[in-house]
Amino acid sequence: METGSVFPQPGMRQPLEPPGQQPPGSGAGKAAEDDGGGGKGSVDGDATSANPYAGLVSSLRAAWLSGKTRPIEYRVAQLEALGRFLDEKKRDILEATASDMGKPPFEAELSEILLCKNELHETLNNLSDWVKDEHVDRNLVTRLDSAFIHKDPYGVVLIITPWNYPIHILLVALIGAIAAGNCVIVKPSEVAKNTERLVAEVLPSYLDNDCFAVVTASVQETTRLLENKFDYIFYTGSTSVGKIVMAAAAKHLTPVTLELGGKNPCYVSDTCDVQNVARRVAWGRFFNAGQTCIAPDYVLCSVEMQEKLLPALHKAITDFYGPNPQESPDFGRIVGDKHFQRVQTLLRSGRVVIGGQTDEEERYIAPTVLVDLQPSDPIMQEEIFGPILPIVIVANVDEAIDFINSHERPLVVYAFSSDDKVVNQVLERTSSGGFCGNDTLMHVTLTSLPFGGIGNSGLGMYHGRFTFDTFTHHRSCLRRSMGREALNTLRYPPYSQQKLGIVRAASEVKRKGACTLL
Ligand code: NAD
């Protein structure tokens, strides 16, 4: 797919526009068609007028300022169209993700379709409540006025996504951005080439092209795209690129959400059902061939537990994928040659006890378990993002917690134990974006839980209502009456101690009774 393009392109628009949409020919889509996606009408003035995406951003801003995305009926129509995209193009999505990374159909349907549909339905079911003004407490001075939080869209937002869940991550963010009333540019990853092509060529035919565009862009082109002033940037990808995106956003003081990666520890205590643990850990680690940001990256356990866990992991892997996982239709492939080389190199750390086979032509790496690791081994220095599970020995839960806390804060911490106290200890004494006790990945299936990182694993959160809130500016509003001016004279000069006393009494937030716990 040619990068640096804006979609839809001339002749690609299809007659699937939702009700109430303006006919094609004006706004973002038209500007993009007219000038190849850039050039004219930059809102940033001369300094950026040569930017190839300035025209697109400018026309999306004009569409946003026109108020077109504000009515809830408009947003619902666009969201319903996203639902039709998922239904009508399900087969294409499964084929594209299978071509890109051998994603098994079951895993693709679960992660790319079902979880997206859940987010969509959660949003459609609740949007009329979420958009309402929230009335808040008032003090004595404003008792007769109206004080409320108004849910404003940010304006023109940019969504940049990675390749590992190329539909899910893009659509879940887009659902919230549309629900909140923004105009949006989405930039899918160029690494998942087939899915990128599907998104670029098909998604725009479901959406209002005045307000929503897909840009396919290499790193160099994304750098130019990021020179433009956006009102919000939602980025998902590696921590190193997250820093580049944040630096670009800082130039315009643009707020960001950064959904990043990292190494997710998985503590397994000595008291647990070993076979259940092995199944749950193996599923989370080898789903999508290990290319999952919330996969358990490594196991922390005692020597005794490792002895029990190894045969249990071997059994789980054989039960899941048969004696030769390369022949299993339920085990994926590494997304690209460069990625394959990187993950293959990590196999040199420690000692292989399960798996370890590779096939470069197929970009296959067997589900693998490594032992005898040193903290300084390369595999313990970077996010694995492949089907390899190292086991690191710790003496007990305290040592596991110290190990976790001596590293960057991860996207998720996992803890397995039949003893709730042990699970709670890990929860209370560590810090991470999320936490899941006695299972892996499952916390992400709940639209009621916020999803996001902390520290090196990210900034901000989304899913369900949190996605709507992320793309919404919570505008603080006070509407007063023009009358009752006599009350206001108390705050006007000339000041006096007496006036100050009355103003203080009328507006002070009083401390309630002392906390009984202290
Ligand atoms: P990546 O950072 O290489 O790329 C992500 C996006 O950024 C792509 O669209 C890419 O084109 C763009 N990009 C790359 N370099 C850029 C640059 N210099 N300037 C501007 N844009 C640039 O990440 P990836 O390899 O696609 O994805 C894997 C990473 O993403 C892993 O670290 C994984 O943990 C993380 N991830 C995080 C989450 C989450 O929700 N926290 C979800 C999925 C993946």
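The values are calculated or read from the model by the stated rules, or taken from the named source; none is laboratory data. Please read these numbers as outputs of a predicted model, since none were measured by experiment. So basically every Cβ, Gly included, is an ideal-geometry build from the backbone, and we count neighbours across all protein chains shown. Please note that ligands, DNA and RNA were not included when accessible areas were found on the heavy atoms of the full protein model with its side chains. Shrake-Rupley method; radii C 1.70, N 1.55, O 1.52, S 1.80 Å.
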Outside any helix (DSSP H, G or I), surrounded by fewer than 24 Cβ atoms within 10 Å (Cβ to Cβ) and away from the ligand (no atom under 14 Å from the Cβ) - does that describe any residue in segment 221-233?
-> yes
Considering Leu144, Leu253, which residue is under 30 Å from Met482 (Cα atoms) and part of a loop (DSSP other than H, G, I, E, B)?
-> Leu144
The number of residues in segment 288-305 that are surrounded by fewer than 20 Cβ atoms within 10 Å (Cβ to Cβ) and in contact (Cβ under 8 Å) with a residue 40 or more places away in the chain is 2
For segment 95-112, name all the residues that are within 18 Å of the chain's Cα centre (by Cα) and farther than 15 Å from Thr447 by Cβ.
-> Ala108, Glu112
Out of (1) of a type outside the set (Ser, Thr, Tyr); (2) more than 16 Å from the ligand (Cβ to nearest atom); (3) under 22 Å from Val303 (Cα atoms), the one Leu427 does not meet is (3)
Considering segment 434-460 alone, what residues qualify as being over 19 Å from Ser111 (Cβ atoms), hydrophobic (A, V, I, L, M, F, W, C) and under 13 Å from the mean Cα position of the chain (by Cα)?
-> Ile454, Leu459
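Take the residues in segment 243-262 that are within 7 Å of the ligand (Cβ to nearest atom) and surrounded by 17 or more Cβ atoms within 10 Å (Cβ to Cβ), then tell me which one is nearest to Thr472 (Cα to Cα).
Pass one, segment 243-262, residues within 7 Å of the ligand (Cβ to nearest atom): 244-245, 259-262.
Filter again for surrounded by 17 or more Cβ atoms within 10 Å (Cβ to Cβ), leaving 245, 259-262.
Numbers: Val245: 20, Glu259: 17, Leu260: 21, Gly261: 25, Gly262: 28 Å.
The qualifying residue nearest to Thr472 (Cα to Cα) is Glu259.
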List every residue pair whose Cβ atoms sit under 9 Å apart, with the two residues 6 or more apart in sequence or on different chains, where the first one lies in segment 233-257 and is closer than 17 Å to Cys183 by Cα and in contact (Cβ under 8 Å) with a residue 12 or more places away in the chain and the second, anywhere, is near the ligand (Cβ under 6 Å from one of its atoms) and of a type in the set (Ser, Thr, Tyr).
-> Phe234/Thr161; Tyr235/Thr161; Thr257/Thr236
Segment 409-433, residues that are more than 19 Å from the chain's Cα centre (by Cα) and closer than 19 Å to Phe385 by Cα = Tyr414
Val353 open to solvent by 40 Å² or more (accessible area, probe 1.4 Å) and closer than 13 Å to Pro390 by Cβ = yes
Single condition Thr271 does not satisfy, out of (1) touching a residue at least 60 places away in the same chain (Cβ under 8 Å); (2) under 24 Å from Val343 (Cα atoms); (3) in contact with a helix residue (DSSP H, G or I) (Cβ under 9 Å, 6 or more places away or on another chain) = (2)
Answer with yes or no whether Ala213 is within 16 Å of the ligand (Cβ to nearest atom), under 18 Å from the mean Cα position of the chain (by Cα) and of a type outside the set (D, E, K, R).
-> no
Sort through Ile185, Ile175 and tell me the only one that's of a type in the set (A, V, I, L, M), part of a strand (DSSP E or B) and touching a residue at least 12 places away in the same chain (Cβ under 8 Å).
-> Ile185
Identify the residue in segment 112-137 that is polar (S, T, N, Q) and out of contact with any Lys or Arg (no Cβ under 8 Å at 6 or more places or on another chain) and, among all such residues, is farthest from Leu170 (Cα to Cα).
-> Ser128
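What's the total number of residues in segment 263-287 that are within 19 Å of Ile401 (Cβ to Cβ), within 16 Å of the ligand (Cβ to nearest atom) and either among the hydroxyl-bearing types (Ser, Thr, Tyr) or surrounded by 24 or more Cβ atoms within 10 Å (Cβ to Cβ) (or both)?
Residues of segment 263-287 within 19 Å of Ile401 (Cβ to Cβ): 263-272, 277, 281.
Subset that is within 16 Å of the ligand (Cβ to nearest atom): 263-266.
With the extra rule that they be either among the hydroxyl-bearing types (Ser, Thr, Tyr) or surrounded by 24 or more Cβ atoms within 10 Å (Cβ to Cβ) (or both), the set shrinks to 264-266.
Residues that pass the stated criteria total 3.
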Any idea which residue in segment 306-350 is farthest from Glu109 (Cα to Cα), counting only those that are open to solvent by 10 Å² or more (accessible area, probe 1.4 Å) and among the polar types (S, T, N, Q)?
-> Gln306
